[in-house]
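First comes the structure, then the notes that go with it.
The values are calculated or read from the model by the stated rules, or taken from the named source; none is laboratory data. No experiment lies behind these values; they were computed from the predicted model shown. With ideal geometry, Cβ positions are generated from the backbone for all residues, glycine too; neighbour counts draw on all protein chains shown. Side chains included, ligands, DNA and RNA excluded: accessible areas come from the protein's heavy atoms. Shrake-Rupley method; radii C 1.70, N 1.55, O 1.52, S 1.80 Å.
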Amino acid sequence: MNKQNYKWSDHLKFIIPSLIGIFLFMCPVQTKDGLTIPIAVLANWVQEELANQLSMIMMIIIVITAIMTLLARFSSIFKKTPFFQNLFHVSIFWTITRVVAAVFAVMVYFDLGSEAIYGPNTGEVLLDDLLHVLFAVFLFAGLFLPLLMNFGLLELFGTLMTKIMRPLFRLPGRASIDSLASWIGDGTIGVLLTSRQYEDGYYTKREAAVIGTTFSIVSITFTLVVISEVGLEHMFVPFYATVLLAGFVAALIMPRIPPLSRKADSFVRDDAEGINEEIPDGYNSFTFGYKKALDRSKKETSVYQFFKEGGQNILDMWMGVAPVVMAFGLIALIIAEYTPVFQWLGMPFIPLLELMQVPYAAQASETVLIGFADMFLPAIFASSIDAEITRFIIAGLSVTQLIYMSEVGGLLLGSKVPVSFKDLAIIFLLRTVITLPIITLIAHLIF
């Protein structure tokens, strides 16, 4: 490497922010509740400190978003501020979604209308629980995301991981950071990271769609919550190994079949150049990756710009995502709680489950597709099933299905990642069909 071009300060400018980013987003730390990451510790602290105010705060954020969106729709108030114009000037579909979300949020907060909307298993789950988590995670993940993105870490890892990610998953090497952040941190962080990089012109439409729906995997922490809910926490290690294997097989298959394989390999912006993955003569993967990392970190010159970008990330997440989660998540939970739709949808799986010798196949079938509404619902429904093997299979399936509307699905629809509701439904079904036999086979070997 041609070292004379770089001063010590250039090396430190890459190394120090990147190490802080790795620590915050990827270093497991032990807490009284088990292993988690520092971002999650900070998020939990905020949730505890603001526990009594967060429902009101999120309701206000969702209502303000709806008002601002209507203003942007019917006036030119934000024309001179591109960030707010992009945030609030959305299509008529998303305008209606945000207004509906605001109405729902007010009804849930003030217990107005039907209990189907504000009840403990519907509106309360979202406004008094999930949106608290999103508020806190987005606050810190948004603020510190530039540490992962802007100081060269993605350039280094991207170059090192290309030889693995390209042949296996048809993705650029830097996607490995997205999946690692999801795995150790949270699926929401992976979606946010993917969306930002897609907007910045690093991923094509196909790559962003694949990463968002295949690699925004469930965090270790949440997996532990799911397995605890079905009373099998003593089996966490074999359970997590099962989930990883099934998820890996799905990740090999999904990018190679529709709808993901049919996404365009074009960029969101005409001026985007993507990532040049060729390594020039005189370099190896590490030295060239390190050079690219130093070149990237040298572009960061302003602390104000760092915090400005972090603040914009937070607003983008709060106002872009929370209304989508509120609107779609609540509708999905109402359907799951008050109608037999998911029972009917599960019926075709009864013969399949019986063929795979899963005990209590009829009860298990009701949980197979209910995870599309919310990932935690299958575990809640399964906790009353007597057979441990069935609870193990349902819990494993709910984690490997990945797409659920109350969080990751809603996030993807609210983000810039180019996937539609129809895409998400098809991907959810395909992941179910691919991972169910793998999980069942391993479960039979274990039990």
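Here are a few things to note about the model shown:
- Within region 355-381, the residues that satisfy the criterion of being aliphatic (A, V, I, L, M), within 29 Å of the chain's Cα centre (by Cα) and over 20 Å from residue 219 (Cβ atoms) are 364, 368, 369, 370.
- Residues that are touching a residue at least 40 places away in the same chain (Cβ under 8 Å), part of a helix (DSSP H, G or I) and hydroxyl-bearing (Ser, Thr, Tyr) occur in region 100-115; there is at least one.
- Selection count, region 202-234, where residues are aliphatic (A, V, I, L, M) and open to solvent by less than 10 Å² (accessible area, probe 1.4 Å): 8
- Options 75, 91, 55: the member that is touching a helix residue (DSSP H, G or I) at 6+ places or on another chain (Cβ under 7 Å) and farther than 30 Å from residue 17 by Cα: 55
- Boolean, residue 94 is within 25 Å of residue 216 (Cβ to Cβ) and crowded, with 17+ Cβ neighbours inside 10 Å: yes
- Candidates in region 166-197 are the residues that are open to solvent by 10 Å² or more (accessible area, probe 1.4 Å) and touching a Pro at 6+ places or on another chain (Cβ under 8 Å); of these, the one that is modelled with the lowest pLDDT is 184.
- Qualifying residue in region 324-333 (condition: touching a helix residue (DSSP H, G or I) at 6+ places or on another chain (Cβ under 6 Å) and open to solvent by 60 Å² or more (accessible area, probe 1.4 Å)): no
- Selected residue [in a loop (DSSP other than H, G, I, E, B), out of contact with any Cys (no Cβ under 6 Å at 6 or more places or on another chain) and open to solvent by less than 80 Å² (accessible area, probe 1.4 Å)] from 277, 309, 273: 277
- Residues of region 151-165 classified as in contact with a Pro (Cβ under 9 Å, 6 or more places away or on another chain) and farther than 25 Å from residue 305 by Cα, total: 3
- Cβ pairs under 6 Å, 6+ apart, first in region 356-380 and of a type in the set (Gly, Ala, Ser), second in a loop (DSSP other than H, G, I, E, B): 364/358; 371/401; 371/404; 373/405; 379/230
- Candidates 249, 237, 268 - the one that is of a type in the set (A, V, I, L, M, F, W, C), open to solvent by 20 Å² or more (accessible area, probe 1.4 Å), out of contact with any His (no Cβ under 7 Å at 6 or more places or on another chain) and without any contact (Cβ under 8 Å) to a residue 12 or more places away in the chain: 237
- Looking only at region 108-132, and only at residues there that are among the hydrophobic types (A, V, I, L, M, F, W, C) and either under 25 Å from the mean Cα position of the chain (by Cα) or open to solvent by less than 40 Å² (accessible area, probe 1.4 Å) (or both), the one that is modelled with the lowest pLDDT: 130
- Per this entry, residue 352 is not counted among residues that are under 24 Å from the mean Cα position of the chain (by Cα), assigned to a helix (DSSP H, G or I) and surrounded by fewer than 18 Cβ atoms within 10 Å (Cβ to Cβ).
- Unique match (being touching a strand residue (DSSP E or B) at 6+ places or on another chain (Cβ under 7 Å) and either touching a residue at least 24 places away in the same chain (Cβ under 8 Å) or within 25 Å of residue 135 (Cα to Cα) (or both)) among 180, 224, 192: 224
- The residues on offer are 96, 62, 57, 67, and the sole one that is assigned to a helix (DSSP H, G or I), under 21 Å from the mean Cα position of the chain (by Cα) and more than 30 Å from residue 202 (Cβ to Cβ) is 62.
- Any hit, region 384-398, residues being outside any helix (DSSP H, G or I) and within 24 Å of the chain's Cα centre (by Cα): no
Quick grid of which residues meet (1) under 23 Å from residue 235 (Cβ atoms); (2) crowded, with 17+ Cβ neighbours inside 10 Å; (3) of a type in the set (Phe, Trp, Tyr); (4) touching a Gly at 6+ places or on another chain (Cβ under 6 Å):
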| position | (1), (2), (3), (4) |
| --- | --- |
| 346 | no, yes, no, no |
| 372 | no, yes, yes, no |
| 382 | yes, yes, no, no |
| 390 | yes, yes, no, no |
| 394 | yes, yes, no, no |
| 397 | yes, yes, no, no |
| 407 | no, yes, no, no |
| 425 | no, no, no, no |
| 447 | yes, no, yes, no |
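- Restricting region 16-43 to residues that are part of a helix (DSSP H, G or I) and in contact with a strand residue (DSSP E or B) (Cβ under 8 Å, 6 or more places away or on another chain), the residue that is surrounded by the fewest Cβ atoms within 10 Å (Cβ to Cβ): 41
- Any hit, region 309-329, residues being out of contact with any Phe, Trp or Tyr (no Cβ under 7 Å at 6 or more places or on another chain) and free of Cβ contacts under 8 Å to residues at least 24 places away in the same chain: no
- Close contacts from region 423-435, counting a first residue that is in contact (Cβ under 8 Å) with a residue 24 or more places away in the chain and a second that is part of a helix (DSSP H, G or I) and of a type in the set (A, V, I, L, M), with Cβ to Cβ under 6 Å and a gap of 6+ residues or different chains, come to 431/250; 434/250; 434/253; 435/246; 435/250.
- Single residue of 114, 76, 91 found to be of a type in the set (Ser, Thr, Tyr) and closer than 17 Å to residue 321 by Cβ: 91
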